[in-house]
Amino acid sequence: MDAIRTEQLTKKYDLGWRKGRLLALDKLNLRVHEGEVYGLLGPNGSGKSTTLKLVLDLITPTEGSAWIFDVPCNEVVSRLHVGFLPENPYFYRYLTGAETLGFYGKLCGMGGAALKKRIDELLDLVGLVKARDRRLSGYSKGMLQRIGLAQALVHDPKLLLLDEPTAGVDPIGSKDIRDLILRLKGMGKTVLLSSHLLAQVQDVCDRIGVLNLGQLILEGDVQTLISDQRRLSITVQDLPEAAQARVEEAVRAAGGSVVSIEHPQTTLESLFLDALRKDSRGAGHHD
Amino acid sequence: MTEVAVTASSTSRERVGFSPNRVGVIAVNTLTEAIRQKVFIFLLIIGLVFIALAIFFAQYSLGEQEQLKFIKDTCLGVISVISTLIAIVGTAQLLPSEVENRTIYTILAKPVWRFEFLLGKFFGSLLLLTVSMVAMCMMFGAVLWIKEAGMIRDLSQTYLGQTAADKADAIQQIQQLKTTALDFDLVKAALTDLVKAILVASITLLVSTFSTSLVFNVAVPFMVFIAGMLRGTAAEMWGAHHLFMAVVAIVPDFGLFSIADEINLGNVVPWTHIGEVVVYGLARTVIIVLAAHLIFSRREI
């Protein structure tokens, strides 16, 4: 069973009198398999958020249909097993972290000791135990994003829809969220992730789909899509210069060609996180 | 792990039914949100201050009964105006702020019916109205009680050591004060004011289901309220004019709720009439909330 299935899903927005209509999504056929992390990529205005809103029945499709676990999206029951984190979420600023989760838990029919236990589990999962009794007005952007993830998870849904989950979050917070998504994947959750931050998607997604101007222009397994089957990279350590020449010679003798020889580079993000990790004072902004 | 309100049909397909519990959760949260808003606190404080000041300004009226009448006139007027303002201001921003802050996404992404959400927001507004009405009525009652106690004390001292006839007169005046000051009929006026405010809140809710402008959401219900107050006068002027008949069908007759004057003049307003007014107000409210639901259920968020 697919966690999400859309068929010919189309959305046109009215732009106002005599201004016509904007085609935001054009006949999207999408399948997100159960248990996978699917990345929906695309530039701003490509239709990513529109897709998520359609799946959640927040807006009505102009044409086509969508299903969550084979239940039509326009039925409330389809959202029984769905958790959603909107882009740049705002929550009730006067509630504390624990109260926020309590509110969303009660909306899902939870209560009593089971809800209290769940709140404790989630605050621990997203690393906000110390900030549980602090009002959200005092939360940082990264903390808001993490409490947003916690509220999405409160009723233990099988499917998570995350709209730009790391938008506006610093590299540390971003890495925390990425690690959390990987943990959720390990727990068997299905995740549909919308983002335009390609490096992050590459790290966590099994499959991706690329949207542009409302159309799905590319889709497939991440590793297959990004690997160049005609090229081979071998990383060696402490190789003498003479030996390097012999390796190049061997490659040429076998009919191949050496395209480049270079020292592997770390990413700026790894460098940044490593520097903070080594700082004895720790990384300063977390709760 | 979770106890989501779900029932299974004979085909074992999951279902999500209407849940009063979810409505209650949203209503309580809405009340909490409203109480934290400065504008609500400001309006309520203004109301309470004006009610309290009535006791001060009443001393410029001549005679005990006139002073009591002044206090009742002023306080009932303040309660009517402030409850109407709170109904409009407290309800006008409920839906637009949820959309603007995107909190509505997180709620409707859960297994929550849109009708539950709308009803929860409306009931939250009604809780707010009830809390403010209770606070203002308690202040009103306290003002009347203080005034009555002061008047009784003054009368007792004035006639102290006088003749038996004077004492009998004083006792009679005191008895009269006790029956007219804290008059139970005032509850009828407060009740109709509350129903009127509920009706105004429902109109505001209806407007906010299709408009995102706060100014529009405040101005339109206010204009409808004024039109409803003037319906009686308009009926005398235009009678059976088609346009007027159309307005009558849409705009509630808010003049029906103005029973405070009758009570304050000492006229008996029977409970049957109060019942009719309450039923009229609540029936209109139900129709308007259902209309709001029809619009909100189709709205793109």
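Every number here is computed from the coordinates shown, using simple stated rules; none is lab data. Note that the coordinates shown come from a computational prediction; the quantities given were computed from them, not determined experimentally. Heads up, the Cβs are rebuilt from the backbone with ideal geometry, glycines too, and the neighbour counts pull from every protein chain shown.
The equivalent ellipsoid of the stretch A:40-141 has semi-axes of 30, 19, 11 Å, largest first, where each one is the square root of 5 times an eigenvalue of the Cα gyration tensor.
Report the calculated FRET efficiency for B:HIS273 and A:ASP124 (r = Cβ-Cβ distance, R0 = 60 Å), to the nearest 0.05. Could the numbers behind the result be given before it?
Details: r = 61 Å, r/R0 = 1.01.
Here the calculated transfer efficiency is 0.50.
Equivalent ellipsoid of the stretch B:79-187: semi-axes from √(5λ) of the C-alpha gyration tensor, largest first, are 53, 11, 9 Å.
The orientation-averaged shadow of the Cα convex hull for the stretch A:157-248, equal to a quarter of the hull surface, comes to 9.6 nm².
Pairs A:LYS27/A:LYS158; A:LYS117/A:LYS189; A:LYS11/A:LYS48: which are spaced more than 22 Å apart, C-alpha to C-alpha? Checking Cα-Cα distances, A:LYS27/A:LYS158 exceed 22 Å.
The length gained on full extension between A:ARG31 and A:ARG93, counted as 0.36 nm times the residue separation minus their Cα-Cα distance, comes to 18.7 nm.
Rounded to the nearest 0.05, the FRET efficiency derived from the C-beta distance between B:VAL187 and A:TRP17 at R0 = 51 Å is 0.50. Computed from Cα positions, the angle between helix B:64-92 and the longest principal axis of chain B comes to roughly 10 degrees.
Relative to the longest principal axis of the Cα atoms of chain B, the long axis of helix B:214-229 lies at roughly 50 degrees.
Look at the alpha carbon pairs under 8 Å that are at least 6 residues apart: their mean separation over the length of the stretch A:2-226 gives a relative contact order of 29 percent.
Label sites at B:ASN21 and A:VAL258, each approximated as a point 7 angstrom past Cα along Cα to Cβ, lie 7.1 nm apart.
What the Cα atoms of the stretch A:2-226 give is an Rg and a Dmax of 17.5, 57 Å.
May I ask you to compute the full-extension gain from B:GLN37 to B:GLN175, defined as 0.36 nm times their residue separation minus their alpha-carbon distance, rounded to one decimal in nm?
On the way: separation 138, 0.36 × 138 = 49.68 nm, distance 4.43 nm.
My answer for the length gained is 45.2 nm.
Seen against the Cα atoms of chain B and their longest principal axis, helix B:271-298 is set at about 30 degrees. Here the calculated FRET efficiency for A:SER270 and B:VAL134, from their Cβ-Cβ distance with R0 = 60 Å, stands at 0.50, rounded to the nearest 0.05.
So which of A:LYS106/B:LYS196; A:LYS19/A:LYS141; A:LYS12/B:LYS110; A:LYS130/A:LYS185 end up more than 27 Å apart by C-alpha? Flagged as over cut-off: A:LYS106/B:LYS196; A:LYS19/A:LYS141. Counting alpha carbon pairs within less than 8 Å and at least 6 residues apart, what relative contact order, in whole percent, applies to chain B? So the answer I get is 23 percent. Computed from backbone phi, the HN-Hα couplings of the stretch A:14-21 come to 6, 8, x, 4, 6, 10, x, 10 Hz, rounded to whole numbers (Karplus: 6.51 cos²θ - 1.76 cosθ + 1.60, θ = phi - 60°; Gly and Pro given as x). Both numbers refer to the Cα atoms of chain B; Rg and Dmax are 23.8, 90 Å. For the protein assembly as shown, the mean residue ellipticity at 222 nm estimated from helices alone is -18000 deg cm²/dmol, where every DSSP H run of n ≥ 4 contributes -39500 (n - 2.57) and the total is divided by all residues, rounded to the nearest 500. Taking 7 Å steps out from each Cα toward its Cβ at B:LEU214 and A:ASP228 produces label points 5.6 nm apart.
Shape summary of the stretch A:134-287, radius of gyration then Dmax from alpha carbon positions: 21.0, 68 Å.
Modelled label positions at A:ARG183 and A:ARG134, each set 7 Å beyond Cα in the direction of Cβ, lie 1.8 nm from each other.
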